[in-house]
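Structure first, commentary second.
Nothing in this text is a laboratory measurement; each read-out follows from the coordinates by a stated rule. The structure presented is a predicted model; accordingly, all values stated were derived computationally and were not measured. Here Cβ is always computed from backbone atoms with ideal geometry, including for glycine, and neighbour counts include all displayed protein chains.
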Amino acid sequence: QMPEDPDELAVLEEIQQELILQEQLVIEEYERSLRFDEECLNAMLEGLDATDRIICPVCRKNNLTVKTHVVCCQCGLYVSTQDMTEGKLRSLLESTVTEHSQRCFHSPEFTVTRDMEEEASLLMSCPV
């Protein structure tokens, strides 16, 4: 039976509008949750892709950018190179750190130095 009283009709219409609004809010919250989950998944996938990257030996926070003629980092590391690749740089860093660890138990530190021509170089040193 449909109510015939105009006040009852108005109340029912108001309730219907509130239910529609609540449904829209629930849908919007669900969509926000889906977007957040998607962003988290994308960030995790990017992190997996970055596992092959080289962490800057100077700041130990950021990944190095390795190009043919330069190695740089957000921390300010900027070293000119010739025909450098991530594989070559990784190999150089690993071999020098391994060689050091065969003679010393302390961790080496990396800094950027400049030579007489003001060219930057990456220097590994041991505090001990």
- Message: Show me the strands (runs of 3 or more DSSP E) entirely contained within segment 70-128 in which 2 or more residues are among the small types (Gly, Ala, Ser) and either in contact (Cβ under 8 Å) with a residue 40 or more places away in the chain or surrounded by 15 or more Cβ atoms within 10 Å (Cβ to Cβ) (or both).
- Response: 120-125
- Quick one: how many residues across segment 52-84 are of a type in the set (D, E, K, R) and in contact with a helix residue (DSSP H, G or I) (Cβ under 9 Å, 6 or more places away or on another chain)? 2
- Query: Looking at this structure, is PHE36 part of a strand (DSSP E or B) and out of contact with any Phe, Trp or Tyr (no Cβ under 8 Å at 6 or more places or on another chain)?
  - Reply: no
